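What follows is a single structure, written as structure tokens, with notes after it.
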Amino acid sequence: DEELKNRVMNGLRDKDLIDLEYLHRAKEELQIIKEKNFSPYFLVVSNMISWAKGEGILVGPGRGSAAGSLVCYALGITDIDPIEHGLLFFRFINPERNDFPDVDTDYEDRRRGEVKDYLISEYTHVASIATFNTFRDKGVVRDVARAFAIPLAEVNKALKGIETWEEFVRSPTASEFRSRYPEVVEYADRLRGRIRGTGLHAAGIVAAKSDISKYAPIETRKDSHSDNRIPVVAVDMDQAAEIGLIKIDALGLKTLTVVKDTLENIKARKGIDVVLKDIPMDDSEVYLDLSAGFTKGVFQAEAVPYTNLIVKMGVSNLNELAASNALVRPGAMNTIGADYIKRKKGRQAVSYVHPILKEFTEDTYGCILYQEQVMQACVHLGGMSMAEADKVRKIIGKKKDAKEFDQFKDRFVQGASKHITKESAEKLWHTFEAHAGYSFNKSHAVAYSTLSYWTAWLKRYYPIEFMYSILRNELDKDKRTDYLIEAKRINIKIRLPHINESGEDFTLEGDAIRFGLGNVKYLSEGISKKIIAARPFDSYKNFLDFSSKKGSGVNSRAVDALNRIGAAAFED
């Protein structure tokens, strides 16, 4: 506890955040962490992230409810100031909660394995987490039909347009199949919900103070990034938490790899060290680009529904960008999206049920968009404790039946009736019930919108380095085509592959991006390497020279493909 306190205080001093508000918040958080005996968990996560940063691995600005913790910010676990953004620690840790909190962290996807290896080497009792897949929906129909050797064509015909088990047993299009093969219906129904197979959780790791086999059964599985077998607890992530094991999620994020490559290219080409945390977050040019729909390559925002929303509402600051991150979620736009946009654009008056709500809903124009706002309304208007408010939030977050709200309804209405009419209190409670379908975690919205802004900023001010990094890290051909079109839109020259100029993949040539030989159809990685390895120091002089030196294994189909795109055109 003392070590954690010292690290937090040092972190606040380093950030020059030692006024009373920050000190009081830190003291409050540390006291709860101490009472719950969570200090070891925070120290493990802090050590992991410090090690990763020391190794030059780019770590995300934050993820999930941990971004609402000042302790996490002071320790460098997140880059989000929770006080500046009005984020709640109680959304992260409920004083009545006994299980360990959940700090999820993002790393460059290509180096996530190194972080996992660090934990294994640093802490003796560490293991990965298993996953369990179950028989469900139309998949169980396919599995049972396969066991009875039923022709695939008949199965496909019966399942056409069907997604769920309920649709299968009721659909008229599947009635003939059900009549012909009643055994499929019988056994599939009996198998539904049972475990179909096991796997390895991509990010989950557990740690314990002594041999994990004392707490959970252990097996071994082949590691995806090595030839070694690694220990795995034979329980899933929820069961691991129930047992009391410390669970750490180290997630790989391709965007962080793109950003890291961009920063390295900026340094190599221009000698500039761009520090992400020092990027101004109020650049109007960046927000104008986003509002104009120039979102291609911007983290999360490039999906068509998200782009359309940003264009429709416009964004001029991080709060609005975070709101867009929440509004684009299923149900939100259809529920409060129209009111939010009208109020934002001045076409509808901003109103509050009571002035108490203004303090924490002013940024969203009086609309209750986030789970944290529901919690604050329960506390400040309804007179609930923060622990009770978090229980309401948890019901919302788990998308559970709205009937679970009933146990808290009378408590809220009674408290809120001291400030507003009973009818208004009940009406507000009904909006909370509606929240079960769409409300979002503000801490996560702010953290991920920060990463969205960073990518938009890099694209705006270092476009060639950014687009080059995206192209190098994108394997999907359709997406790569979209990025090439976007690169040309922002006046980046794209040069075709050439046997004398190209590398295996995209390369930078001054103010242009050159296609790699490996980007040509029919040219495998091996063929590209052979052509480059055999390339003379002063390049191939002509086609005859190329043919004589290219080496064996460069087949005629590959040569024909190079000819068709002009990659073997010689100046002489």
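The values are calculated or read from the model by the stated rules, or taken from the named source; none is laboratory data. The shown structure was predicted, so the numbers you read here are calculated from the model rather than taken from an experiment. Using ideal geometry, Cβ is built from the backbone for each residue, glycine included, and neighbour counts are taken over all protein chains shown. Areas reflect the complete protein model, heavy atoms only, side chains present, ligands, DNA and RNA absent. Shrake-Rupley method; radii C 1.70, N 1.55, O 1.52, S 1.80 Å.
Does T450 meet the test of being in contact (Cβ under 8 Å) with a residue 40 or more places away in the chain, surrounded by 16 or more Cβ atoms within 10 Å (Cβ to Cβ) and within 29 Å of the chain's Cα centre (by Cα)? Considered against the rule, which asks whether it is in contact (Cβ under 8 Å) with a residue 40 or more places away in the chain, surrounded by 16 or more Cβ atoms within 10 Å (Cβ to Cβ) and within 29 Å of the chain's Cα centre (by Cα), T450 comes out as yes. Consider the range 329-343 and keep the residues that are aliphatic (A, V, I, L, M) and open to solvent by less than 50 Å² (accessible area, probe 1.4 Å). The one that is modelled with the highest pLDDT is I341. Is it the case that E486 is surrounded by fewer than 23 Cβ atoms within 10 Å (Cβ to Cβ), out of contact with any Phe, Trp or Tyr (no Cβ under 9 Å at 6 or more places or on another chain) and on the phi < 0 side of the Ramachandran plot? Spelling it out, it is not the case that E486 is surrounded by fewer than 23 Cβ atoms within 10 Å (Cβ to Cβ), out of contact with any Phe, Trp or Tyr (no Cβ under 9 Å at 6 or more places or on another chain) and on the phi < 0 side of the Ramachandran plot. Residue pairs whose Cβ atoms lie under 8 Å apart, separated by 6 or more positions or on different chains, with the first residue in the range 1-12 and assigned to a loop (DSSP other than H, G, I, E, B) and the second at pLDDT 95 or above, are D1/L30. Here G199 clears all of (1) over 23 Å from A234 (Cβ atoms); (2) outside any loop (DSSP other than H, G, I, E, B); (3) open to solvent by less than 40 Å² (accessible area, probe 1.4 Å) except the condition numbered (1). Within the range 493-502, can one find any residue that is in contact (Cβ under 8 Å) with a residue 24 or more places away in the chain, loosely packed, with under 15 Cβ neighbours inside 10 Å and farther than 26 Å from M384 by Cβ? Within the range 493-502, one or more residues are in contact (Cβ under 8 Å) with a residue 24 or more places away in the chain, loosely packed, with under 15 Cβ neighbours inside 10 Å and farther than 26 Å from M384 by Cβ.
With buried (at least 20 other Cβ atoms within 10 Å of the Cβ), farther than 30 Å from E166 by Cα and of a type in the set (K, R) as the only criterion, which of K214, K267, K247 stands out?
Values: K214 fails: buried (at least 20 other Cβ atoms within 10 Å of the Cβ); K267 fails: buried (at least 20 other Cβ atoms within 10 Å of the Cβ).
Unique residue meeting the criteria: K247.
Taking the criterion of being open to solvent by 10 Å² or more (accessible area, probe 1.4 Å) and not in a helix (DSSP H, G or I), the residues of the range 60-78 that qualify are R63, G76.
Could you pull out the residue among D410, D401 that is out of contact with any Phe, Trp or Tyr (no Cβ under 9 Å at 6 or more places or on another chain), open to solvent by 20 Å² or more (accessible area, probe 1.4 Å), farther than 30 Å from G346 by Cα and modelled with pLDDT under 80? Give the steps one after another, and end with the answer.
On the way: D410 fails: modelled with pLDDT under 80.
Of the residues listed, the single one that is out of contact with any Phe, Trp or Tyr (no Cβ under 9 Å at 6 or more places or on another chain), open to solvent by 20 Å² or more (accessible area, probe 1.4 Å), farther than 30 Å from G346 by Cα and modelled with pLDDT under 80 is D401.
Taken together, L276, L256 contain a single residue that is crowded, with 22+ Cβ neighbours inside 10 Å and over 30 Å from I368 (Cβ atoms), which is L256. Might you let me know whether the range 302-315 holds any residue that is over 17 Å from the mean Cα position of the chain (by Cα), open to solvent by 70 Å² or more (accessible area, probe 1.4 Å) and touching a residue at least 24 places away in the same chain (Cβ under 8 Å)? Among the residues of the range 302-315, at least one is over 17 Å from the mean Cα position of the chain (by Cα), open to solvent by 70 Å² or more (accessible area, probe 1.4 Å) and touching a residue at least 24 places away in the same chain (Cβ under 8 Å), which makes the answer yes. Look at (1) among the small types (G, A, S); (2) without any contact (Cβ under 8 Å) to a residue 12 or more places away in the chain; (3) assigned to a strand (DSSP E or B) and you find that S213 fails only one, number (3).
As a summary of the residue check, Y41 satisfies the conditions (1) buried (at least 20 other Cβ atoms within 10 Å of the Cβ); (2) under 21 Å from K442 (Cα atoms) except for the one numbered (2).
Can you tell which of S439, S539, S548 is polar (S, T, N, Q), under 30 Å from Q373 (Cβ atoms), at pLDDT below 95 and out of contact with any Lys or Arg (no Cβ under 8 Å at 6 or more places or on another chain)?
Answer to the check: S439.
Among residues of the range 527-554 that are touching a residue at least 24 places away in the same chain (Cβ under 8 Å) and closer than 14 Å to A567 by Cα, those with a beta-carbon under 6 Å from a residue that is among the hydroxyl-bearing types (S, T, Y) and open to solvent by less than 80 Å² (accessible area, probe 1.4 Å) at least six positions away or on a different chain give the pairs F546/Y540.
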